[in-house]
Amino acid sequence: MTCNAAREQLPLFVTGDLPSEVAADLTTHLQSCAACQREEGMLRRLVSGLGQLPEPETSVDLPAIFREAARQEQRVGRRWRNLALVATAVAAGILLLLFVKVEIRGGDGQWVIALGTPRPVEKPSPPAVQPTPEPAWKQFEEKLTALQENLDLVLQDVTQRDGARRQEIAALRGSLESVKQSAGAALAATQRDVSAMYAALFPGRNPTSGGEDR
Amino acid sequence: MTGVATGSPTSDAELMRRTQRGDPAAFAQLVRRWQPKMGRFLARLAGPAADASDLCQELFLKLYLARDRYREAGTFSAWLYRLALNLARDAQRRGRRWPRLLEAADEGPSQWPTDEPQRQEEQEQLAAALAELPEAQREVVVLRLFEEMNFEAMARLLGTPATTLKSRFAAALVRLKERLSAQGWAEPEMET
């Protein structure tokens with residue numbers, strides 16, 4: 001152990017606070033080092049001198065302690081009582097405000113204190129929300145869609161009208177055919193009547209020659 | 001930690017319980033038991049006997065006022081030492097300490113009883129050197145040398161690691177030795 005290391009350990013050595021193995025090393029060093037022995041001697045003298053300092057006499061006035069304690073506890077008690085009174089007053093004030101419905105409001109350079117239920121405050125209606133303009137491509141797309149729908153409607157209408165015309169034409173053809181048949185039947189009946197009348201008027205003559213057969 | 005053992009006929013904890021229940025005789029017994037020890041402790045930490053008496057009075061007043069806060073979680077002595085330590089520190093911050101001790105040493109006969117003039121002078125030098133130590137070093141010297149508290153108990157009381165306190169204690173002793181050497185304390189005679 002070096003002298004420096006030894007002197008670092010000496011204060012705890014002289015008070016017996018070194019671990020035994022360190023104390024043994026230090027003892028070995030001290031046996032061969034006069035300077036560290038002198039250092040140890042000074043420290044032991046110092047510790048011994050401190051231990052022999054006379055003990056000062058002190059006194060305590062017990063009744064004074066009880067009197068002062070009572071005074072301080074009374075003061076603390078008063079402080080707590082005052083604090084409780086203030087807290088009660090504040091609580092009562094809050095309850096009054098809540099149950100009596102005292103309305104206090106300020107603004108426009110004046111304060112208003114009113115009792116009772118406060119008037120409903122008219123809230124301004126929220127501003128109308130302006131629609132955000134749609135982009136041009138979207139408008140064009142909508143127009144295209146509308147045009148397509150219109151075209152579909154026109155096509156459907158044309159198809160319906162065409163079907164109706166076709167039905168009308170077919171009906172007309174049917175009517176014409178029946179007129180034709182009835183006209184042919186009427187003509188044939190008329191021819192028979194005429195032939196019968198010619199034969200009756202002109203016996204022996206051929207109604208198709210147009211004169212008397214002589 | 002030293003102190004009155006809880007195994008004594010009436011333990012400190014029992015006396016505190018009786019004090020909490022409003023028994024002034026129990027508190028008086030506690031004061032009689034602890035006043036000499038706390039008086040010495042405060043005197044070492046805070047200066048001459050007059051101040052120590054004031055501090056002692058203040059300590060037991062604080063103890064009485066704090067009686068309802070006492071719980072038996074730790075030992076009574078540790079609680080009392082903590083109160084005393086805080087009181088001494090507060091007193092130091094209020095400035096009622098070392099100058100008065102040093103003034104007393106300069107002004108005339110010491111209030112510390114002594115036998116011989118030379119011994120008295122040495123003791124005054126020692127007391128002054130102790131008084132001049134920084135607060136943290138003085139506390140650890142007083143607790144170790146006068147209260148005979150070990151470093152582990154001291155660590156619990158001060159909330160500082162024991163290794164730190166050992167270093168602090170060693171530094172304090174070296175500082176005291178250098179101060180006294182400068183004042184002409186002779187080195188011990190070497191054995192031949």
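Take every Cα pair under 8 Å whose residues are at least 6 apart in sequence, average their separation, divide by the length of segment A:1-122, and the relative contact order is 14 percent. The calculated FRET efficiency for A:I169 paired with A:Q191, based on their beta-carbon distance and R0 = 45 Å, is about 0.90. When A:Y198, B:Y70 are sorted by how many other C-beta atoms sit within 10 angstrom of their C-beta, beginning with the fewest, the order is A:Y198, B:Y70. Across segment A:1-41 the C-alpha pair distances fall into 5 Å bins from zero in the proportions 6, 28, 42, 20, 3 percent.
Panel order for A:L97, A:L46, B:L158, by other beta carbons found within 10 Å of each beta carbon, from fewest to most: A:L97, B:L158, A:L46. For chain A, the spread of Cα coordinates along the three principal axes comes to 203, 74, 32 Å, biggest extent given first. Residues whose amide H falls under 5 Å from that of A:D61, counting only those 5 or more places apart or on a different chain, are absent, with hydrogens built in the peptide plane.
Taking label positions 7 Å along the Cα-Cβ direction at both B:R33 and B:E14, the computed distance is 0.9 nm, reported to one decimal. Backbone phi angles across segment B:156-172, fed through the Karplus curve with coefficients 6.51, -1.76 and 1.60 (θ = phi - 60°), yield HN-Hα couplings of 5, 5, 8, x, 10, x, 4, 5, 5, 5, 5, 4, 5, 5, 4, 4, 5 Hz in residue order; Gly and Pro are listed as x. Compared with the alpha-carbon gap, the fully stretched path from A:A128 to A:N82 is longer by 10.9 nm at 0.36 nm per residue. Across peptide A:64-72, the average count of Cβ atoms from other chains found within 10 Å of a residue's Cβ is 4. Charge tally around B:F27: other residues with Cβ under 15 Å, Lys/Arg +1 each, Asp/Glu -1 each, net +2.
Peptide B:35-42 is shielded by partner chain Cβ atoms: per residue, an average of 3 of them sit within 10 Å of its Cβ. Exposed loop sites here are GluC sites (Glu not before Pro) assigned a DSSP state other than H, G, I, E or B and surrounded by at most 13 other beta carbons within 10 Å; excluding them, the longest clear run of chain A is A:1-121. Think of each Lys and Arg Cβ as +1 and each Asp and Glu Cβ as -1; about the Cα centre, that makes the dipole of chain A roughly 1060 debye.
Read the figures in this text as sums done on the coordinates, not as results from a lab. None of these values were measured; they are calculated from a predicted model. As a convention, Cβ positions derive from the backbone with ideal geometry for all residues, glycine included, and neighbour counts pool all protein chains shown.
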